[in-house]
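Notes for the one structure printed next.
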Amino acid sequence: MILIIYAHPYPQHSHANKKMLEQASLLPDVEVRSLYELYPDFNIDIAAEQQALNRADLVIWQHPMQWYSMPPLMKLWIDKVLAHGWAYGHGGTALRGKQVMWAVTTGGGDHHFDLGDHPGFDVLGQPLQATALYCGMNWIPHFTIHFTFVCDENTLEVQAEMYKQRLLDWQEANHG
Ligand SMILES: Cc1cc2nc3c(=O)[nH]c(=O)nc-3n(C[C@H](O)[C@H](O)[C@H](O)COP(=O)(O)O)c2cc1C
């Protein structure tokens, strides 16, 4: 099962992520948990989230980039759900061997991330990657849609279809 942990603070205003979810939802065995809709008060149901993770073979962390990082509810989700004794530490083996993918949309293009000596876009996924590795998960290449500010709806649709294809390829490779 593919589990999409989706953190968009304004899901009703989304263009890029909405299309990605519409495409992903066409596939079987895909579960989406829209954190801002499930937890508008930021009161995360940790047990429900851990149960969803238990069901997953591939976990996707999907969000729009905000200030070179993730929206705050996704950070809180990580802090609360990836608990000691469950995700890491003594007896914390629940996530071991699961795969994880970062799916992120950005307003800017590649050059937006070249600031002075800053090493650019790829480094921004490192806190998530390190978190995943610490929990014994396998990090697979990320999926990105850049330039969401300037892409027209057609271009976004094509990229969303590529997202679905990535997931389908993963399903075929892992269960095919
Ligand atoms: C508070 C805030 C901060 C943002 N910070 C960035 C940023 O650091 N870099 C960037 O490329 N885009 C940034 N954006 C743009 C969003 O990433 C972009 O609007 C989003 O990916 C589009 O996806 P959507 O159509 O699903 O909303 C920011 C947007 C908001 C609202």
Practice prompt. Rounding to the nearest 20 debye, state how big the charge dipole of the chain is about its Cα centre with +1 on each Lys and Arg Cβ and -1 on each Asp and Glu Cβ.
Written response: 480
Worksheet entry | Burial ranking of peptide ranges 58-70, 35-47 (average Cβ count within 10 Å, highest at the top) | 58-70, 35-47
Worksheet item: So what's the net charge close to S34: Lys and Arg +1, Asp and Glu -1, counting the other residues with Cβ under 14 Å from its Cβ?
Response: -3
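Only Cα pairs under 8 Å and at least 6 apart count here; give the relative contact order of the chain as a rounded whole percent.
On the way: 254 pairs, mean separation 45.9, N = 176.
After rounding, I find 26 percent.
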Worksheet item: How high is the FRET efficiency between D169 and D79 when r is their beta carbon distance and R₀ equals 41 Å, given to the nearest 0.05?
Response: 0.80
Fill in: Beta bridges by DSSP in the chain, antiparallel share as percent, to the nearest 5
5
Worksheet, complete the sentence: Two pseudo-spin positions, 7 Å from Cα along C-beta at L38 and at D114, lie apart in nanometres by 3.9
Worksheet entry | List R166, R55, R96, R33, ordered by accessible area with a 1.4 Å probe, largest first | R96, R55, R166, R33
Worksheet item: Using a probe of 1.4 angstrom, how much of the accessible area of the stretch 114-165 is carbon and sulfur, in percent?
Response: 57
Worksheet item: Among L21, G92, M1, whose Cα sits farthest toward the positive end of the charge dipole of the stretch 1-103 (+1 at Cβ of Lys/Arg, -1 at Cβ of Asp/Glu, about the Cα centre)?
Response: G92
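Out of every Cα pair in the stretch 96-176, what percent are spaced more than 18 Å from each other?
Numbers: 1759 of 3240 pairs.
When every Cα pair of the stretch 96-176 is considered, 54 percent fall beyond 18 Å.
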Worksheet item: How many Å² of accessible area per residue for the chain, probe 1.4 Å?
Response: 51
Discussion item. Compute and list, largest first, the equivalent-ellipsoid semi-axes of the stretch 35-176 from the alpha carbon gyration tensor, each √(5λ) rounded to a whole angstrom.
Written reply: 27, 19, 16
Item to complete: Mind jotting down the distance between the C-alpha centroids of the stretch 30-87 and the stretch 106-124, whole Å?
Response: 25
Practice prompt. Would you mind computing the Rg to Rh ratio of the stretch 27-98 from its alpha-carbon coordinates, Kirkwood style for Rh?
Written response: 0.96
Response to the item:
Subtracting the Cα-Cα distance of K18 and D45 from 0.36 nm times their residue separation yields 7.4 nm
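The values are calculated or read from the model by the stated rules, or taken from the named source; none is laboratory data. Quick caveat, the model's predicted, so the values are computed rather than measured. No Cβ is skipped: glycine too gets one built from the backbone with ideal geometry, and neighbour counts run over all protein chains shown. These accessible areas exclude ligands, DNA and RNA; they are computed on the full protein's heavy atoms, side chains included. Shrake-Rupley method; radii C 1.70, N 1.55, O 1.52, S 1.80 Å.
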